[in-house]
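The values are calculated or read from the model by the stated rules, or taken from the named source; none is laboratory data. Because the structure is a prediction, the values reported are computed rather than measured. A quick note on method: Cβ atoms are made from the backbone with ideal geometry, for glycine too, and the neighbour counts reach across all protein chains shown. Surface areas here come from the heavy atoms of the whole protein model, side chains and all, with no ligands, DNA or RNA. Shrake-Rupley method; radii C 1.70, N 1.55, O 1.52, S 1.80 Å.
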Amino acid sequence: RMQAQKLSGARGMVTITRDVVQQQGVKGLWRGVSASCMRTTAGAGLYFFLLERVTKEFSARESAKTESSFTRSVTMFTAGASARTVAAVLLNPITVVKTRMEYGGVQGKGVFTALAEVARKEGSRGLF
């Protein structure tokens with residue numbers, strides 16, 4: 001919120017916190033936390049699952065005896081980047097909803113209700 005409100009002249013964290021509490025109550029400080037927790041939990045689980053699968057797939061193609069340290073490093077980097085990319089793309093709809101919840105774009109709604117609303121109003125493009 002500080003990044004968005006800096007553009008409108010807010011001076012700092014204390015000012016923004018005071019404004020949020022005055023306008024939305026203490027509950028406003030926690031807007032978007034459910035979506036953030038969902039995204040973080042699902043993101044970590046999906047990332048590590050994909051990382052293991054991709055690493056095994058890459059390792060099965062390379063012989064450990066002939067693989068250099070540099071090649072192994074590149075393989076691990078590629079596996080990590082691939083896993084993170086797929087996880088980010090799959091979880092982007094939750095990230096969209098989280099951001100909109102934080103900035104007041106969807107108010108008083110749960111994550112799944114907000115996902116459905118965005119999809120209904122904007123189609124699948126609104127989620128990516």
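Determine, from the Cβ-Cβ distance of residue 84 and residue 26 and an R0 of 35 Å, the FRET efficiency 1/(1 + (r/R0)^6), rounded to the nearest 0.05.
The calculated FRET efficiency here is 0.50.
Considering only 48, 25, 104, whose Cα is most displaced toward the positive end of the charge dipole of the chain, charges sitting on Cβ of Lys, Arg (+1) and Asp, Glu (-1)?
25
Have a look at 69, 94, 81 and report the one farthest towards the positive end of the charge dipole of the stretch 36-128, computed about the Cα centre with Cβ charges (Lys/Arg +1, Asp/Glu -1).
Result: 94, furthest along the dipole toward the positive end.
Given the rule -39500 (n - 2.57) for each run of at least 4 DSSP H residues, summed and divided by the residues of the chain, what is its mean residue ellipticity at 222 nm, to the nearest 500 deg cm²/dmol?
-24500 deg cm²/dmol
Lysine pairs in the chain with alpha-carbon atoms under 16 Å apart, 8 or more places apart or on different chains: how many are there?
5
Could you work out the mean projected area of the convex hull around the alpha carbons of the stretch 39-112, in square nanometres to one decimal?
That works out to 5.8 nm², a quarter of the Cα hull's surface.
With each pseudo-label sitting 7 Å past Cα toward Cβ, what's the residue 42-residue 77 distance in nm, one decimal?
3.1
Per residue, how much accessible surface does the chain expose to a 1.4 Å probe? Answer in Å², no decimals.
68
Can you divide the C-alpha Rg of the chain by 2.2 N^0.38 Å and report the result to two decimal places?
Normalised Cα radius of gyration, the chain: 1.46.
Are there any helices in the chain, counted as whole DSSP H runs, that stretch 18 Å or more along their axis by Cα and score at least 0.5 on average by Kyte-Doolittle, and if so which?
Answer set is 69-102.
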